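Peer 1: Pasting a structure here, questions to come.
Each reported figure results from applying straightforward, stated rules to the coordinates on display, with no laboratory input. Here the structure is a predicted model, which means the values were calculated and not measured. Ideal geometry is used to build each Cβ from the backbone, glycine not excepted, and the neighbour counts take in all protein chains shown.
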Amino acid sequence: MTARGLTTGVPGAPNVRAVKALLGLHPRPGVGRALVAAVPALLALYLVARGWLYPFWPDTVGAIGHPFTADPDLGEAWGGPTLAGAWLVHALIALGIQAGCLLVLRALYRPGRR
């Protein structure tokens, strides 16, 4: 603990309370609330892997060497047949759903009434 609050323990890392305030998250107690919040939090994490890291999945890694040319394996992919197009579409869809997940989390963890 420091005088300013809980830190991450890493020199130069941001203050945990400051990050929570920046994201608008104000944790309130409750196991039920935590279980409900786990769903959008895990979905947002899954979408990082499936949307943002799409080119590194086994079915698309072969197209990394030629991201702007058509690849037969990506013909049926959203945004295909190029890896760049498929990656863009997957990332934008993931971004939209992640924004929705953040809104749900903010609704669950907004400051309580005083």
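Peer 1: In nm, give the distance between the simple-model label positions of LEU88 and LEU103, each being 7 Å from the Cα along the Cα-to-Cβ direction.
Peer 2: 2.5
Peer 1: Would you mind getting me the FRET efficiency between LEU35 and PHE56? Use the beta-carbon distance for r and R0 = 30 Å, nearest 0.05.
Peer 2: 0.45
Peer 1: Computed FRET efficiency, Cβ-Cβ of LEU43 and PHE68, R0 35 Å: what is it to the nearest 0.05?
Peer 2: 0.70
Peer 1: Net charge near GLY62, counting Lys/Arg +1 and Asp/Glu -1 over other residues with Cβ under 9 Å of its Cβ?
Peer 2: Net charge in that neighbourhood comes out at -3.
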